[in-house]
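Report on the following structure.
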Amino acid sequence: MPDLREVMNSAAVTRALTRISSEILERHGGASALGLVGIHTRGVPLAERLARKLHRAEGEKVPVGSLDITLYRDDLVPVGPQPVVGRTDVSFEMEDKDIVLVDDVLFTGRTVRAALDALFALGRPRSIQLAVLIDRGHRELPVAADYVGKKIETGKDELVQVRLKEIDEADGVDIEPPPGKKR
């Protein structure tokens, strides 16, 4: 069993998403021109949760899409010789919408770069912002999140594990030390 360090429990995840949804509404003055797009895998349920919170606060449904960025990545070799391509489903018009791209962890910035390429292949939104549950630093590209649930300090070789009840049956965020090292 790896030596995990919990950085967020279920209640902390919920509070972070509530705060992010409030910040989104404040910045946009409402939800009427918003669309959320979650990056597979864990960005999708996070986007869906944010959309529900926005709907409860404003009474307006916010469209949610899902984005698979596998073929837009610049690191396909490390990902695997036969990448598994998931489904992209952005079934709403992005033009004249402010899109909030949603992901679980912001690390090097390469996932976000690939997501931007994939989004622009689908249309041209009015603006794109980034919401992440965790910002762990170590950027390799000039990418910054507009909305952050929690900023944490990690070693570059540590693993950040986000668990969401829709996928993992429980919510939480843990840091795992590099293989072969104990805390």
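Open to solvent by less than 40 Å² (accessible area, probe 1.4 Å), at positive phi and of a type outside the set (Lys, Arg) - does that describe any residue in region 3-22? So that I can check it myself, show each step before the final result.
If we filter region 3-22 for residues that are open to solvent by less than 40 Å² (accessible area, probe 1.4 Å), which is where we start, we get 7-8, 12-13, 16-17, 20-21.
Next, from what is left, pick out any that are at positive phi: none.
No, region 3-22 contains no residue that is open to solvent by less than 40 Å² (accessible area, probe 1.4 Å), at positive phi and of a type outside the set (Lys, Arg).
Yes/no per residue for (1) out of contact with any helix residue (DSSP H, G or I) (no Cβ under 8 Å at 6 or more places or on another chain); (2) at pLDDT 95 or above; (3) polar (S, T, N, Q):
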position: SER21; (1), (2), (3): no, yes, yes
position: LEU36; (1), (2), (3): no, yes, no
position: PRO83; (1), (2), (3): no, no, no
position: GLY86; (1), (2), (3): no, no, no
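Name every residue in region 165-183 that is of a type in the set (D, E, K, R), modelled with pLDDT of 95 or more and either out of contact with any helix residue (DSSP H, G or I) (no Cβ under 9 Å at 6 or more places or on another chain) or part of a strand (DSSP E or B) (or both), in order of residue number.
First, pick out the residues of region 165-183 that are of a type in the set (D, E, K, R): 165-166, 168-169, 171, 174, 176, 181-183.
If we keep only those that are modelled with pLDDT of 95 or more as well, we get 165-166, 168-169, 171, 174, 176.
Of everything in region 165-183, those that are of a type in the set (D, E, K, R), modelled with pLDDT of 95 or more and either out of contact with any helix residue (DSSP H, G or I) (no Cβ under 9 Å at 6 or more places or on another chain) or part of a strand (DSSP E or B) (or both) turn out to be ASP168, GLU169, ASP174, GLU176.
Criterion first (under 21 Å from GLU95 (Cβ atoms) and in contact with a strand residue (DSSP E or B) (Cβ under 7 Å, 6 or more places away or on another chain)) does ALA51 satisfy it? So that I can check it myself, show each step before the final result.
Details: under 21 Å from GLU95 (Cβ atoms): yes; in contact with a strand residue (DSSP E or B) (Cβ under 7 Å, 6 or more places away or on another chain): yes.
Taking the combined requirement at face value, the residue satisfies it.
Quick check on this structure: which one of GLY109, GLY137, GLY180, GLY155 is surrounded by 16 or more Cβ atoms within 10 Å (Cβ to Cβ), among the small types (Gly, Ala, Ser) and more than 19 Å from GLU23 (Cα to Cα)?
GLY109
Which residue is farthest from ALA31 (Cα to Cα), if the candidates are limited to region 56-81 and must be open to solvent by 70 Å² or more (accessible area, probe 1.4 Å), modelled with pLDDT of 85 or more and assigned to a helix (DSSP H, G or I)?
So, considering only residues that are open to solvent by 70 Å² or more (accessible area, probe 1.4 Å), modelled with pLDDT of 85 or more and assigned to a helix (DSSP H, G or I), the one farthest from ALA31 (Cα to Cα) is ARG56.
Here is a list: GLY35, GLY30. Which entry is open to solvent by less than 60 Å² (accessible area, probe 1.4 Å) and at positive phi? So that I can check it myself, show each step before the final result.
Working: GLY35 fails: at positive phi.
Answer to the selection: GLY30.
Going by the conditions given, is PHE92 aromatic (Phe, Trp, Tyr) and open to solvent by 60 Å² or more (accessible area, probe 1.4 Å)?
Details: aromatic (Phe, Trp, Tyr): yes; open to solvent by 60 Å² or more (accessible area, probe 1.4 Å): no.
Criteria not met by PHE92.
Kindly provide the set of residues from region 91-150 that are farther than 19 Å from ALA31 by Cα, outside any loop (DSSP other than H, G, I, E, B) and charged (D, E, K, R), ordered by number.
ASP103, ASP104, ARG110, ARG113, ASP117, ASP135, LYS150
The values are calculated or read from the model by the stated rules, or taken from the named source; none is laboratory data. Please read these numbers as outputs of a predicted model, since none were measured by experiment. Reconstructed Cβ throughout: ideal geometry from the backbone, glycine too, with neighbour counts over all protein chains shown. In case anyone asks, the SASA skips ligands and DNA or RNA and just uses the protein heavy atoms, side chains included. Shrake-Rupley method; radii C 1.70, N 1.55, O 1.52, S 1.80 Å.
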